[in-house]
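*Asks:* Provided herewith is a single structure, encoded as structure tokens, for subsequent inquiry.
The values are calculated or read from the model by the stated rules, or taken from the named source; none is laboratory data. Everything quoted here is computed from the prediction, not taken from an experiment. Accessible surface is based on the protein model in full, side chains and every heavy atom, while ligands, DNA and RNA are left aside. Shrake-Rupley method; radii C 1.70, N 1.55, O 1.52, S 1.80 Å.
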Amino acid sequence: PEVYREPGEPTGFRDTLHYRFIDEDVPFALMLLSSVGRILGTPTPLTDAIISIASILRKTDFRANGRGSETLGIQGLTKEELLCRLEFGNNS
């Protein structure tokens, strides 16, 4: 809508791009997938590429500000420990 445009900004690509999806899905969902992939030893090249591209487009470092293994408290877990945590929760 006109109200969201900068003064003098033409109608165009920005009107079709919903930043909310990038700003929510990349730092929360994709960062989690990438972190879990590293723990499990599973490469996530497409997910990592999307995180990089979104970081450039939004001029924010989603890797530094997203919810990765460090902020979720799962960094350093083994594959078995992670699977146990996912199945039984924190206190197992």
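*Asks:* What part of the accessible area of the range 24-92, given as a whole %, is carbon or sulfur when the probe is 1.4 angstrom?
*Replies:* Roughly 58 percent of what the probe reaches on the range 24-92 is carbon or sulfur.
*Asks:* How would the range 19-87 be classified by its alpha-carbon gyration tensor: rounded, prolate or oblate, with rounded meaning a/c under 1.5 and the a/b versus b/c comparison settling the rest?
*Replies:* Prolate shape, in that a/c is at least 1.5 and a/b is the bigger ratio.
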